[in-house]
1. Please work out which one of (1) more than 10 Å from ligand 1 (Cβ to nearest atom); (2) in contact with a Gly (Cβ under 7 Å, 6 or more places away or on another chain) is the condition ALA134 fails and give its number.
2. Applying the selection to the stretch 56-90, what residues are away from ligand 1 (no atom under 11 Å from the Cβ) and β-branched (Val, Ile, Thr)?
3. Tell me, yes or no, whether the stretch 87-94 has at least one residue that is closer than 19 Å to ILE232 by Cβ and modelled with pLDDT under 95.
4. Hey, can you tell me all the residues within the stretch 105-133 that are away from ligand 2 (no atom under 16 Å from the Cβ) and touching a Leu at 6+ places or on another chain (Cβ under 9 Å)?
5. Hey, any hits in the stretch 33-54 for a residue that's touching a residue at least 40 places away in the same chain (Cβ under 8 Å) and at positive phi?
6. What's the number of the only condition in (1) in contact with a Cys (Cβ under 7 Å, 6 or more places away or on another chain); (2) within 15 Å of ligand 1 (Cβ to nearest atom) that LEU177 fails to meet?
7. Take the stretch 249-296 and flag every residue that is touching a Phe, Trp or Tyr at 6+ places or on another chain (Cβ under 9 Å) and on the phi < 0 side of the Ramachandran plot.
8. Would you point out the residue of the stretch 100-115, among those that are in contact with a Lys or Arg (Cβ under 6 Å, 6 or more places away or on another chain) and within 12 Å of ligand 1 (Cβ to nearest atom), that is nearest to GLY203 (Cα to Cα)?
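The values are calculated or read from the model by the stated rules, or taken from the named source; none is laboratory data. On a predicted model such as this, the values are computed, not experimentally measured, just so you know. Virtual Cβ from ideal backbone geometry, glycine too; neighbours counted across all protein chains shown.
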Amino acid sequence: MPKTIITCAVTGAIHTPTMSDALPYRPEDIARQAIDAAHAGAAILHLHARNPEDGRPSVDPAHFAAFLPIIRAETDAIVNISTGGSITMGIEDRLAPAAAASPEMCSLNMGSLNFACHPLADRYDSYKFDWEEAHIRGSEGGIFRNTFADIKQVAATMGGAPHHAKFEHECYEVGHLYNLAFCLKQGMFQAPIFLQFVMGILGGIAADIDNLVFMKRTADKLFGTDYQWSVIGAGGQQMKLAAVAAQMGGHVRVGLEDSLFIEKGRLATSNAQQVEKVRKILELQGNAIATPAEARAMLGLKGTDKVSF
Ligand code: KMH
Ligand code: ZN
């Protein structure tokens with residue numbers, strides 16, 4: 001069984017500060033939690049930035065530059081910068097942080113979808129910041145746009161010279177796998193590709209084991225054996241799908257971007273707490289955890305000496 005790569009998605013652009021005191025949005029907190037997650041066993045850090053004043057999702061490269069060097073100085077974890085931004089942003093703006101930092105990896109969303117979280121708004125009767133409620137309720141009318149033109153632009157900007165980034169191909173439903181197969185045939189990407197099955201987002205495929213097997217079987221049909229894959233179980237399914245995926249030879253992603261909880265009804269106190277929990281589960285069931293160096297070799301990454309932060 002290959003070693004299992006743990007990715008930690010530290011803050012994202014969906015959850016808001018009122019939802020959890022543990023959700024980091026100041027650069028020093030994003031850095032601290034990313035470093036702690038790496039020390040707990042995360043080989044890849046999937047990173048978004050926030051406005052340090054009010055926690056609003058940000059794609060300002062300066063907000064990433066405030067924490068990237070700190071993370072690099074303290075861990076050899078692989079930095080994976082999001083090109084997802086948030087659903088209200090255009091692809092040019094979403095690309096800016098990765099183009100500025102030239103990370104070893106960046107995300108690439110393989111199709112458009114409704115990416116909604118509006119039902120969460122009814123859980124709160126007041127908010128820390130004035131942008132939060134509109135952000136949450138606004139997702140009801142939003143589309144997370146990732147057209148073939150958008151995908152091509154991210155692939156062209158980040159995949160070849162000068163960045164040579166490896167993509168975390170985020171697939172929210174089975175059609176996105178077919179989009180990826182088309183783009184692969186167009187020569188946009190080089191094998192081995194790294195798939196991220198994003199399951200449990202309102203607007204995407206539901207997070208259950210049947211669907212995980214369906215996504216895996218479809219990937220086998222489309223990509224043969226020349227691919228690596230990982231799973232995100234958003235919300236309450238996070239640990240269950242991680243445990244099953246690791247037994248199927250897949251990798252796993254945890255982190256407060258994808259779930260604020262450590263178990264049903266109990267908020268996680270940090271990203272590292274989720275990494276520690278998933279690492280314990282995986283090791284108890286016989287999975288060995290990959291180091292950043294092992295993950296680099298498995299994914300064919302360019303190395304930290306080639307980044308720009
Ligand atoms: N923030 C979500 C809208 C990515 O990082 O590329 C999507 C997202 C995907 O976070
Ligand atoms: Zn993300």
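1. Going through the list (1) more than 10 Å from ligand 1 (Cβ to nearest atom); (2) in contact with a Gly (Cβ under 7 Å, 6 or more places away or on another chain), ALA134 breaks only (2).
2. Within the stretch 56-90, ILE70, ILE71, THR75, ILE78, VAL79 meet the criteria.
3. yes
4. Correct list: ASN114, HIS118, PRO119.
5. There is at least one residue in the stretch 33-54 that is touching a residue at least 40 places away in the same chain (Cβ under 8 Å) and at positive phi.
6. Exception for LEU177: condition (2).
7. Across the stretch 249-296, the qualifying residues are GLY250, HIS251, LEU267, ALA268, GLN274.
8. SER112
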